[in-house]
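The values are calculated or read from the model by the stated rules, or taken from the named source; none is laboratory data. Note that this is a predicted model, so its numbers are computed, not measured. Using ideal geometry, Cβ is built from the backbone for each residue, glycine included, and neighbour counts are taken over all protein chains shown. For accessibility, only protein heavy atoms count, side chains too; no ligands or nucleic acids. Shrake-Rupley method; radii C 1.70, N 1.55, O 1.52, S 1.80 Å.
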Amino acid sequence: MIDQSLLDAVKSYSENMTRPINFVLGSGEHSKRAELIDFLTKIAGTTDKINFDSTATDDSLPSAISFKVVSHIDGALTDTGIVFSGIPGGHEFTSLILAILQAGGHTLKLDEGIQKLIKRFNKPLQFQTYVSLSCHSCPDVVQALNQFALLNDDISNEMIDGALFQEQVEANNIQGVPAVFLNGKPFANGKIDTAKLIEKLQEQFPDLLSDASDDAEQLEQQDVTVIGAGPAGVAAAIYTARKGLKVTMVADRIGGQVKDTQDIENLISVPLTTGSELSANFAKHLHEYDITLKEHVSVKEISETEEENYRIHLNTGETFETRSIILATGAQWRKLGVPGEDENVGQGVAYCAHCDGPFFKGKDIAVVGGGNSGIEAALDLAGIVKHVTVLEFADDLKADQVLINKAKEKSNIDIITSAATQEIKANGGKVTSLVYQDRNSNETKELDISAVFVQIGLVPNTEFIKGFVDLNRFGEIEIDERCRTDRKGIFACGDVTTVPFKQINIAMGEGSKAALSAFEYLVMQ
């Protein structure tokens, strides 16, 4: 279950702990209980900073394979609010290690503004996060909510391995992960980052939208503020920092959409990498420079100042002034906009094949979209599900030929072109079919499927900037050849702009160009 190399890593990481922690096990019987006890015993055996006694149980924990993390603070045992139901292996092993380290006094990874916001929240929040141990997106959510619990005694988070709690999964009609419940009610489903979790809390509890606390450290005026941390934003931040400018980067997460990409084979000079590896390299490169990083934070508004500069308003309540701005907010998955889509997200409608594919093992599913992302998703799913039907609106697939050839070699992938999706049907909280129109014959047809994976491209993230800079009819920011917008001192780059061909290589180049244009603007002032 857990090999020696992982145990050695735990031992090494525990050196960063400033206080001990305890594992406390739930009571009762379960077929996996002995395996969990062995798992926790081995982890505790790596260091005297982690304590575990399998005979000391807590009846209040939800199951016999649940355990909580308890911290020693000022000599007293203190609940952290962090509970794991199941054996957190796979991708969730990192969530467990971070929970141990952070409960043991290691620095939290959240922005100071967010920490102060969470600490001020005064309502009981009981989160339950259903995960799959093979899900790439789940740990981000679990780790964020675990940190919330560590910051506020009124907040708790329970990670639940859906594979071991099938009755709960079925009772809650969960068909996609991560699935987050708050105080017993659905709260969020699918890939969601810390900034979006904060926004959803602010929407549900408007009183959380208070101003920054009086003791908040105010950021001094910046030369450049880069909004977004995908390939374009990272390039822009590094290029401006190298010019000796005061640079702040505001981003929900480093890597942006790239972080969700699997194999990347067209990054020049790098034959093969992955989105997670490239995002990690972005973060490493950013930390080589004097850049103020406001990660897991979002911009609510941009306003002008009397000095013809700009003021950035963050979702944490903080504000600061900047002489110039580079918008690099990228894009998000485009929705079909058909009946049954929004209503069934997490119940058979999904946007991440890798995350939610395992829920449909042995079943028939559909992928809508015949571009690179659609065909890549179909190939990924073909190894898990019984059958994949790809539907493309156009008369021909738009994917690279090498991907099309691979898809056509698969016996369990069918491709339908000239297909206009009309509706997604569901029964009893589960997707049952997809209705589409054959654009050649105008005939309406229906596919019996258990899931629809939507892969039809991206929508620019420009909602917060509408009415402030010029956008085209697709919502993209209008720029010139120097990445300038219609507003003095505001530049834009990457997938959020009108630049053609949304590619990592191109975004990096555009980010570099925007940075050089911003520098030229500042030195001419």
The stretch 1-23, subset within 21 Å of G90 (Cα to Cα) and hydrophobic (A, V, I, L, M, F, W, C), residue modelled with the lowest pLDDT:
M1
Can you name every residue in the stretch 115-131 that is closer than 20 Å to Q102 by Cβ and of a type in the set (F, W, Y)?
F121, F127
Which one is farthest from V297 (Cα to Cα) among residues in the stretch 264-281 that are touching a residue at least 24 places away in the same chain (Cβ under 8 Å) and of a type outside the set (A, V, I, L, M)?
N266
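When only residues in the stretch 388-439 that are acidic (D, E) and not in a helix (DSSP H, G or I) count, which is surrounded by the most Cβ atoms within 10 Å (Cβ to Cβ)? Can you show your working first?
Step one: list which residues in the stretch 388-439 are acidic (D, E), which gives 392, 395-396, 400, 409, 414, 423, 438.
Checking which are not in a helix (DSSP H, G or I) leaves us with 392, 395-396, 400, 414, 423, 438.
On the way: E392: 23, D395: 9, D396: 10, D400: 15, D414: 16, E423: 15, D438: 14.
Out of the qualifying residues, it is E392.
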For the subset of the stretch 294-329 comprising residues that are in contact with a helix residue (DSSP H, G or I) (Cβ under 9 Å, 6 or more places away or on another chain) and surrounded by fewer than 19 Cβ atoms within 10 Å (Cβ to Cβ), which member is modelled with the lowest pLDDT?
G317
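Go through the stretch 135-180 residue by residue and tally those that are closer than 28 Å to I73 by Cβ, open to solvent by less than 20 Å² (accessible area, probe 1.4 Å) and either assigned to a strand (DSSP E or B) or not aromatic (F, W, Y) (or both). Steps first, answer last, please.
At the first step, the residues of the stretch 135-180 found to be closer than 28 Å to I73 by Cβ are 139-160, 180.
From what's left, open to solvent by less than 20 Å² (accessible area, probe 1.4 Å): 139, 141-142, 144-149, 152, 155, 157, 159-160, 180.
Restricting the remaining residues to those that are either assigned to a strand (DSSP E or B) or not aromatic (F, W, Y) (or both) gives 139, 141-142, 144-147, 149, 152, 155, 157, 159-160, 180.
The number of residues fulfilling the criteria is 14.
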Residues in the stretch 216-231: is at least one exposed (fewer than 15 other Cβ atoms within 10 Å of the Cβ), more than 24 Å from I506 (Cβ to Cβ), at pLDDT below 90 and not β-branched (V, I, T)?
yes
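Yes or no, residue by residue, for (1) open to solvent by 30 Å² or more (accessible area, probe 1.4 Å); (2) over 26 Å from N372 (Cα atoms); (3) assigned to a strand (DSSP E or B):
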| position | (1), (2), (3) |
| --- | --- |
| F453 | no, no, yes |
| I456 | yes, no, no |
| V459 | yes, no, yes |
| F464 | yes, yes, no |
| R473 | yes, no, no |
| E481 | yes, yes, no |
| R487 | yes, yes, no |
| D495 | yes, no, no |
| P500 | yes, no, no |
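Tell me which residues, restricted to the stretch 38-87, are among the charged types (D, E, K, R) and open to solvent by 50 Å² or more (accessible area, probe 1.4 Å). Give the derivation first.
So in the stretch 38-87, the residues among the charged types (D, E, K, R) come out as 38, 42, 48-49, 53, 58-59, 68, 74, 79.
Within the stretch 38-87, D38, K42, D48, K49, D53, D59, D74, D79 qualify.
Among the residues of the stretch 88-109, write down those that are on the phi < 0 side of the Ramachandran plot, open to solvent by 10 Å² or more (accessible area, probe 1.4 Å) and in a loop (DSSP other than H, G, I, E, B). Reasoning before the result, please.
From the stretch 88-109, those on the phi < 0 side of the Ramachandran plot are 88-89, 91-104, 106-109; that's our starting set.
Subsequent filtering for residues that are open to solvent by 10 Å² or more (accessible area, probe 1.4 Å) retains 91, 93-94, 97-98, 101-102, 106-109.
Within the stretch 88-109, H106, T107, L108, K109 meet the criteria.
For the stretch 350-358, does any single residue satisfy the condition of being under 26 Å from A171 (Cα atoms) and part of a loop (DSSP other than H, G, I, E, B)?
So the first thing to find is which residues in the stretch 350-358 are under 26 Å from A171 (Cα atoms), and the list is 350-358.
Subset that is part of a loop (DSSP other than H, G, I, E, B): 351-352.
Yes.
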